[in-house]
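The block underneath contains the structure these notes are about, expressed in structure tokens.
The values are calculated or read from the model by the stated rules, or taken from the named source; none is laboratory data. Computed from a prediction, not measured in an experiment: that's the story for all the values here. No Cβ is skipped: glycine too gets one built from the backbone with ideal geometry, and neighbour counts run over all protein chains shown.
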Amino acid sequence: MAVTRNLWGFIERRDHRVMRRMNRWRAPRWIRYWMIAATRMGDGWLWYGLGGMVLIFGGPQRFAAVEAAGRCCHRTSFRFRRGTP
């Protein structure tokens, strides 16, 4: 038990040191813009736009592709709402 506690404390101390170092670090402007853009893209509007582009400019399988993506999103959101893995 003491070995587990010591190992866990070692890991925790190192994690806290990295966390404090990252909190003091001022990221370059391009990294900050990249992270803001990634956050905005995850909000959904970009994905709806891409789905629209697939419907407009997609080939003969465009409806099947959009249907598969929609089913995947629906099942994933349903699964996470229920709380099961």
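A search for C-beta distances below 6 Å between a residue of the range 69-85 that is part of a helix (DSSP H, G or I) and any residue that is modelled with pLDDT of 75 or more, counting only pairs 6+ apart in sequence or on different chains, returns nothing.
Taken over the range 67-85, the criterion of being modelled with pLDDT of 90 or more and among the aliphatic types (A, V, I, L, M) is satisfied by 68 alone.
Could we say that residue 60 is at pLDDT 85 or above, loosely packed, with under 10 Cβ neighbours inside 10 Å and more than 23 Å from the chain's Cα centre (by Cα) here? Considered against the rule, which asks whether it is at pLDDT 85 or above, loosely packed, with under 10 Cβ neighbours inside 10 Å and more than 23 Å from the chain's Cα centre (by Cα), residue 60 comes out as yes. I want to confirm something. Restricting to the range 1-43 and keeping residues that are of a type in the set (A, V, I, L, M) and outside any helix (DSSP H, G or I), which single residue is farthest from residue 73 (Cα to Cα)? Per the stated criteria, the residue is 1.
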